[in-house]
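Just so it is clear, none of the values below were taken in a lab; they were calculated from the coordinates. Bear in mind the structure is a predicted one, so any value in this text is a computation, not a measurement. Don't worry about glycine lacking a Cβ; one is built from the backbone with ideal geometry, like all the others, and counts go over all protein chains shown.
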């Protein structure tokens, strides 16, 4: 197999697998801040235990995310050495900033978040929770900046000639605020909020289906649903802004996303379909001229199609189209599920409706599908460029790496990552099965001011408290 294809598959696999975890960390970080703020405001111990339980899930996710993310940095120097040599001074700056300003902030306060409940005051612990959530969010900022620079490069010039040519930063803030970074950043962060919120919703729904820890699950789910409602609403605004940015900055990517071939004609908006590249038509259901309206506010305004660009500069149409529409479909399903959950909540039946709870339990996969397919559409849609209009993917490949070397490392990474994923699922399952009140001594923590077992403690935990007291 061609070494370029193998190198691209390897990086896509490692990046996609790693990206299972950061959105959960970012989203759970925001949820933890809200939960602990509720504890400080109400002084109700249940919110403290809610926060402590979700901190365990956050810590597990953070640990696996760190372990899976390190590999990609080495791939830049092994498989993509020419790319690193040519633009490493620019691309490496946001990555360095991520390590200095985000990762160290997050990891520095993580120990207080996890182990500091009885060692620091409540306000100090809350500040550490905010710092961890902020660090997780800042990590996404710098990673998105680095990737967005590859989509819309700015703030640099080329020095040297031939093999010695390389990109050099002329304006760091132009690199940070390149034409696509802020639009894409909002889209990514809101996707992460949805991911974290749906993790909370899913596990809470599972407990309610099993009639375990009902009060804990209801209060957790309410917070998760509110975060998800807000994030989903804002995501529609962010998605429109992101799409308009793609139309302006990378028109051939937008054309591939909607299978639009005509060089200069109004464009339809496809709900789903299959692209026939030979006949240059899409077989599916579309809203006529709606893409023109969304981009230009006018159904008759032309949109640049793929035929306006040389064939060698066009992205893979079918793959880009399908991943983009898979993202939209996942977003549509999340919207429907959240709408239904809101309706049942309003009627007071959400906490006991087993069908709805089952749907909510399984819905945790939807934000992951949306995140993954969105990134695949964005990255495949940039092809054949590794840095848009500046460096082709084929030219960024290392000259000394062989196909056998890449294939063997790909197989090894696949096995290791599958083991890590199995470990993650096992540990997550163990934490969920143990429940939010898995402690050896419960007698003090779950008593109210009258020295009675707090009324929100469920029957199983109540029995454990009484046994501890005896």
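Quick notes on this one:
- Between 0 and 90°, nearest 10: helix 214-249 axis offset from the chain longest Cα axis: 10
- Where the Cα pairs of segment 339-420 fall when distances are cut into 10 Å bins, in %: 13, 20, 27, 16, 14, 9, 1
- This ranking places 83, 213 by how few other beta-carbon atoms lie within 10 Å of each, fewest first, which gives 83, 213.
- Translational diffusion of the chain, µm² s⁻¹ [Kirkwood Rh, Cα pairs; Stokes-Einstein; 10 °C; 1.306 mPa s]: 66
- The calculated Kirkwood hydrodynamic radius for segment 45-195 is 17.4 Å, given to one decimal from all distinct C-alpha pairs.
- Footprinting exposure proxy for 409, 400, 204 (fewest neighbouring C-beta atoms within 10 Å first): 400, 409, 204
- Relative intensity of segment 17-114 on a log10 scale, I(q)/I(0) at q = 0.11, 0.14 Å⁻¹, equals -0.45, -0.65, per a Debye sum over C-alpha point scatterers of equal strength in the absence of solvent.
- Taking the helices alone, the chain has a mean residue ellipticity at 222 nm of -23000 deg cm²/dmol, built from -39,500 (n - 2.57) per DSSP H run of at least 4 residues and averaged over all its residues.
- Inter-part distance where segment 153-195 and segment 1-78 are each reduced to a Cα centre, Å: 23
- Fewest neighbouring Cβ atoms within 10 Å first, the residues 142, 343 line up as 343, 142.
- Shape summary: segment 114-253 maps onto an equivalent ellipsoid whose semi-axes, from the alpha-carbon gyration tensor, are 40, 21, 11 Å in decreasing order.
- Each principal axis of the Cα cloud of segment 261-353 was taken in turn, and the coordinate range along them, longest first, works out to 57, 28, 20 Å.
- Hull volume in cubic angstrom per residue (convex hull over the Cα atoms of segment 1-58): 51
- Whole-angstrom Cα spans of segment 262-313 along principal axes, big to small: 31, 23, 13
- Cα gyration tensor shape of segment 102-156, rounded if a/c is under 1.5, else prolate or oblate by comparing a/b with b/c: prolate
- With all projection directions averaged, the alpha carbon convex hull of segment 245-404 covers 13.4 nm².
- Length-normalised contact order for the chain - Cα pairs under 8 Å, 6+ apart - percent: 19
- Relative counts (whole %) of C-alpha pair distances in segment 209-277, using bins that are 5 Å wide: 3, 13, 15, 15, 11, 9, 8, 8, 8, 7, 3, 1
- Tilt relative to the chain, helix 403-434 - C-alpha long axis, 0 to 90 degrees, to 10: 20
- Evaluated at q = 0.13, 0.14 Å⁻¹: base-10 log I(q)/I(0), Debye formula over Cα of segment 205-333: -0.61, -0.66
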